[in-house]
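**Student:** Before we start, here is the structure in question, set down as structure tokens.
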Amino acid sequence: CAVRAAHVLSEIAKNEEMKKPCLEADLVPTLIPLLESPDQEMLLHAGRAIGRICYDNRSLQEELVRVGVIPSLVRILTDHAESEPLVHVALLALYNLADLDSAKEALSMTKVAEQLVKQLRRAQSHERLEIVFEVLQALAEHNALKVQLVDAGVPEVLSEILLRLQGCSQAEDTCIVKAASDLIVSLLLGGTKTGARLTANFTKEMVRLVILYLSEMESHCLLLISESEFLKSDGNCLRMFQLGVIHQLLDLLENRVRSGDTSVQQAALSALQSLAVPVVSKVQMLEEGIAERIEALLRSESPPVQFKLLGTLRMLADGQADAAEILGQDPLLLNRLVQWCSVSDPSGICGEANRLLASILHHNRSQEVVKAIQAAQGVKHLVSMTTSEHAAMQNEALTALAIASAIDLEILEESFKESQLVQSLHKLLRDDNTSPEVKYNSMGLLCQLLNSGDLRQEIEEDKIKDTLEQLCSHSNASVVKEAITTLQVLRGET
């Protein structure tokens with residue numbers, strides 16, 4: 001009578017009011033051993049009864065995991081993979097338990113990943129696919145399970161599903177595509193190890209589809225990808241280049257600029273910014289012509305997009321003279337930067353524009369770039385940047401101006417005088433609150449300015465010599481050393 005009794009209990013447990021009497025009668029501990037039965041009908045009714053009694057009861061679910069229900073569920077998936085009713089019961093149970101940390105830990109000791117891949121391949125209905133995706137999404141939050149999912153072939157199955165549904169517009173298909181795309185993102189966020197394994201299985205067409213789906217339905221997924229550990233690997237970045245990700249992102253950006261979809265623009269720019277971090281990527285991106293293509297976004301009026309654009313271009317110029325030269329000789333970009341340097345808003349556009357200008361000057365080695373920035377009237381903004389409330393920005397401006405002065409002081413001389421650079425530097429040197437590094441860089445710039453007769457005269461008239469002598473007794477050794485050197489240059493001793 002056990003099978004019939006289990007059947008009766010599974011029907012009784014459908015009623016919310018009957019769950020408590022079932023618990024009080026200790027039926028769950030009695031039913032659990034039945035999950036080891038070889039009888040499929042017994043497994044079906046016992047599994048349904050347990051699932052219905054324990055549904056939405058976290059303490060009971062934890063107890064189920066503790067007494068070893070997880071291996072039984074995986075065994076059912078393994079031994080009865082062809083039985084639709086049993087598979088459905090086992091998947092529902094895993095769906096209800098998979099959010100528990102204890103369940104994830106127990107599942108990591110099994111071969112559940114292989115069984116879930118089998119069910120993904122066998123699934124004929126949208127409902128079955130959705131429940132498997134839900135289970136996989138929960139398991140992808142566990143590091144060991146992420147690796148198992150990738151090794152078991154989840155990426156390949158997702159590829160097949162997305163390719164099969166390409167161009168489908170039905171609501172049910174769209175839900176499946178979204179779930180598959182979200183799962184890909186979750187696996188990418190597994191770090192360098194799982195991310196590398198994942199992309200090793202991607203084809204160029206697969207990447208195109210994933211980017212398309214992610215951008216159309218969940219723009220934040222691109223942001224998540226850009227922030228993952230995966231893109232911090234030079235090898236992974238190169239793999240993304242080989243798969244054509246850069247041009248897919250750029251095509252996407254250009255389309256969204258025309259349509260005005262700013263959320264996707266921000267997300268795609270974040271991904272590009274992350275890709276531009278490794279030095280090897282910067283070279284590749286330059287060869288791909290990204291600097292010219294990305295400037296199409298200059299016409300955007302969205303502050304968040306502008307902010308992301310500036311950050312991406314600055315990351316691209318960082319340490320790359322070629323990139324700095326391309327950007328620094330583009331009149332459209334320079335004029336737009338100077339406009340942004342003048343805005344007063346809370347979005348941070350002004351600061352980012354100044355930082356990009358400084359970066360271009362810092363990393364270039366071209367007299368033409370210095371002339372172009374001077375012609376665009378960008379120098380005065382960099383002088384203003386030396387008095388920023390942020391020491392990092394002050395140092396960026398001071399370093400950039402020193403390098404530009406070493407390249408072509410003569411062309412900058414008039415702008416320096418008009419913007420009162422000498423007086424600004426003197427103020428920084430006198431201020432006790434100025435950081436030692438800023439004082440040091442201020443004196444480095446002063447040494448360059450002393451090569452100009454007019455600016456030397458301003459330095460002497462402003463009595464900077466007295467301040468330098470005081471700095472010779474500063475508590476910071478580097479400041480003292482630079483003060484002595486600057487005094488020697490001022491006196492003509494070196």
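**Student:** Of (1) surrounded by 24 or more Cβ atoms within 10 Å (Cβ to Cβ); (2) modelled with pLDDT under 95; (3) in the same structural domain as Thr485 (by the TED database), Leu425 satisfies all except one. Which?
**Tutor:** Condition (2) is where Leu425 drops out.
**Student:** Related question: When the residues of the stretch 99-127 are filtered to those that are in a loop (DSSP other than H, G, I, E, B) and under 15 Å from Asn143 (Cβ atoms), which remaining residue is least open to solvent (accessible area, probe 1.4 Å)?
**Tutor:** The extreme case among them is Ser108.
**Student:** Is there a residue being assigned to a helix (DSSP H, G or I), free of Cβ contacts under 8 Å to residues at least 24 places away in the same chain and open to solvent by 20 Å² or more (accessible area, probe 1.4 Å) anywhere in the stretch 406-419?
**Tutor:** Yes.
**Student:** Additional query: For Val438, state whether it is within 43 Å of the chain's Cα centre (by Cα) and in contact (Cβ under 8 Å) with a residue 40 or more places away in the chain.
**Tutor:** yes
**Student:** Counting only residues that are farther than 21 Å from Leu139 by Cα and either hydroxyl-bearing (Ser, Thr, Tyr) or buried (at least 16 other Cβ atoms within 10 Å of the Cβ) (or both), how many does the stretch 67-84 have?
**Tutor:** Number of matching residues: 2.
**Student:** Filtering the stretch 1-47 down to residues that are assigned to a loop (DSSP other than H, G, I, E, B) and modelled with pLDDT of 90 or more, which residue is farthest from Ile70 (Cα to Cα)? Steps first, please.
**Tutor:** Let us first name the residues in the stretch 1-47 that are assigned to a loop (DSSP other than H, G, I, E, B), namely 1, 13-15, 25-26, 37-39.
When the remaining residues are screened for being modelled with pLDDT of 90 or more, the result is 37-39.
Details: Ser37: 15, Pro38: 17, Asp39: 19 Å.
Only one residue fits best here, namely Asp39.
Residue-wise test of (1) more than 22 Å from Ser181 (Cβ to Cβ); (2) at pLDDT below 90.
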| position | (1), (2) |
| --- | --- |
| Glu82 | yes, no |
| Leu92 | yes, no |
| Leu100 | yes, no |
| Ala113 | no, no |
| Leu129 | no, no |
| Gln166 | no, yes |
| Ser169 | no, yes |
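**Student:** When you scan the stretch 317-330, do you find a residue that is within 17 Å of Leu253 (Cβ to Cβ) and touching an Asp or Glu at 6+ places or on another chain (Cβ under 8 Å), even just one?
**Tutor:** no
**Student:** Now for a separate question. Condition first: over 29 Å from Ala25 (Cβ atoms), part of a helix (DSSP H, G or I) and at pLDDT 90 or above. Can you find one or more residues in the stretch 54-62 that meet it?
**Tutor:** no
The values are calculated or read from the model by the stated rules, or taken from the named source; none is laboratory data. Computed from a predicted structure; not experimentally measured. Because the Cβ atoms are built from the backbone with ideal geometry, glycine has one as well, and the counts that use them run over all protein chains shown. Please note that ligands, DNA and RNA were not included when accessible areas were found on the heavy atoms of the full protein model with its side chains. Shrake-Rupley method; radii C 1.70, N 1.55, O 1.52, S 1.80 Å.
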